[in-house]
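The values are calculated or read from the model by the stated rules, or taken from the named source; none is laboratory data. What you are looking at is a predicted structure, and each value in this text was computed from that prediction instead of being measured. All Cβ positions, glycine included, derive from the backbone under ideal geometry; neighbour counts span all protein chains shown.
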Amino acid sequence: MNEWMTEKELRAWVIGHLSDDWFIEQPEIQIDRDEILVVGRIPQPSLEDGDADDRAIADRSRIESWREETRSARIAIAQQAEAAFDTPISWGARCGDEAKTFTTVSVPAMTRLRMPERKVLDTLIAAGVARSRSDALAWCVKLVAERQEDWLAELRDAISRVHEVRSHGPVGSP
């Protein structure tokens with residue numbers, strides 16, 4: 001991500017480039033050093049009769065329709081962002097209880113694990129929870145994110161505060 005723009009400014013840039021009729025509420029914009037993910041809620045289609053399965057099918061169909069209808073505009077925005085920030089934009093939509101992300105970035109993460117950690121991953125593979133150590137590690141990270149959401153949010157807030165304090169720096173510093 002480009003250092004000259006804060007996350008708040010980047011969010012404003014993205015919002016400014018979106019069509020006002022795409023989403024029924026402010027989209028969720030997640031940012032890390034590898035990707036900008038924009039996920040917005042789109043209106044549900046009218047469905048007079050039908051059960052929960054019919055509703056889910058209609059909502060998924062609406063997401064696919066929105067994806068196709070907005071493709072060229074989304075690509076143009078993503079190309080501008082990548083040129084300006086050297087960070088790709090990925091997209092997603094929510095409709096009712098259904099959600100789908102598309103064109104998301106999958107980034108490899110290299111790590112060194114000792115035998116006890118490898119045994120955890122190998123157990124997940126043997127149990128059929130994961131196909132590979134990479135899948136097992138991704139599963140573990142998702143589990144921590146779900147179970148420790150409040151702690152991670154508190155940690156992110158603390159990091160933001162540290163960055164804010166550092167940006168002011170001591171008076172007379174180079």
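A few comments on the model shown:
- Residues that are in a loop (DSSP other than H, G, I, E, B) and either within 14 Å of T70 (Cβ to Cβ) or of a type in the set (A, V, I, L, M, F, W, C) (or both), drawn from the stretch 28-42: I42
- Failed item, numbered, when D97 is tested on (1) under 21 Å from the mean Cα position of the chain (by Cα); (2) among the charged types (D, E, K, R); (3) surrounded by 11 or more Cβ atoms within 10 Å (Cβ to Cβ): (3)
- Single residue of the stretch 58-71 satisfying the filter (within 14 Å of P45 (Cβ to Cβ) and surrounded by 15 or more Cβ atoms within 10 Å (Cβ to Cβ)) that is farthest from the chain's Cα centre (by Cα): A58
- A single entry from E48, E82, E9, E25 fulfils the requirement of being in a loop (DSSP other than H, G, I, E, B), under 30 Å from R161 (Cα atoms) and not aromatic (F, W, Y): E25.
- The residue that is modelled with the lowest pLDDT, counting only those in the stretch 22-57 that are surrounded by 15 or more Cβ atoms within 10 Å (Cβ to Cβ) and of a type in the set (K, R), is R55.
- Options V162, V141: the member that is of a type in the set (V, I, T) and more than 21 Å from T6 (Cβ to Cβ): V141
- Yes/no for L155 being over 30 Å from D59 (Cα atoms), surrounded by 11 or more Cβ atoms within 10 Å (Cβ to Cβ) and within 23 Å of the chain's Cα centre (by Cα): yes
- R71 vs. criteria in a helix (DSSP H, G or I), touching a strand residue (DSSP E or B) at 6+ places or on another chain (Cβ under 7 Å) and outside the structural domain of D157 (by TED's automatic domain parsing): no
- Within the stretch 72-90, being buried (at least 16 other Cβ atoms within 10 Å of the Cβ) and out of contact with any Ser or Thr (no Cβ under 6 Å at 6 or more places or on another chain) holds for R74, I77, A78, A81, F85, T87, P88, I89.
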